[in-house]
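One structure is given below, encoded as structure tokens.
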Amino acid sequence: MNKNYFMILEQIQVLCTNIKNYFNISYDKARKMLYNSKLYNALEDEETKMWYYSSYDLFKMFLEEKETGSYTVYGG
């Protein structure tokens, strides 16, 4: 198993927790919201190396995508 896999999993867990807390929803609903996002597709793609971004930046991108339909890559 690729070591990046664990980094991706960690980012997904943090994002789901942030989404859960921000929207005051269950972890399961937060996970579904994330899994249905463009950001998740980029995060899952090892070519993009999105897992290197901070949890804060990824969450900001997620919220922007939720509001506008796309996200801007911040930080890095």
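To keep it simple, each residue is scored yes or no on (1) among the polar types (S, T, N, Q); (2) in contact with a helix residue (DSSP H, G or I) (Cβ under 7 Å, 6 or more places away or on another chain).
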{"residue": "Gln11", "(1), (2)": "yes, yes"}
{"residue": "Val14", "(1), (2)": "no, yes"}
{"residue": "Met50", "(1), (2)": "no, yes"}
{"residue": "Leu63", "(1), (2)": "no, no"}
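If we scan segment 32-44, do we find a residue that is within 19 Å of Asn4 (Cβ to Cβ) and touching a residue at least 40 places away in the same chain (Cβ under 8 Å)? Among the residues of segment 32-44, not one is within 19 Å of Asn4 (Cβ to Cβ) and touching a residue at least 40 places away in the same chain (Cβ under 8 Å), which makes the answer no.
When segment 9-44 is filtered for residues that are outside any helix (DSSP H, G or I) and either hydrophobic (A, V, I, L, M, F, W, C) or crowded, with 19+ Cβ neighbours inside 10 Å (or both), only Ile25 remains. Close Cβ contacts (under 9 Å, 6 or more residues apart or on different chains) running from residues in segment 46-60 that are under 15 Å from Leu9 (Cβ atoms) to residues that are among the acidic types (Asp, Glu) and part of a loop (DSSP other than H, G, I, E, B) are absent.
No lab work stands behind these numbers, since they all come straight from the coordinates. A quick note: this is a predicted structure, and the numbers were derived from the prediction, not measured. No Cβ is skipped: glycine too gets one built from the backbone with ideal geometry, and neighbour counts run over all protein chains shown.
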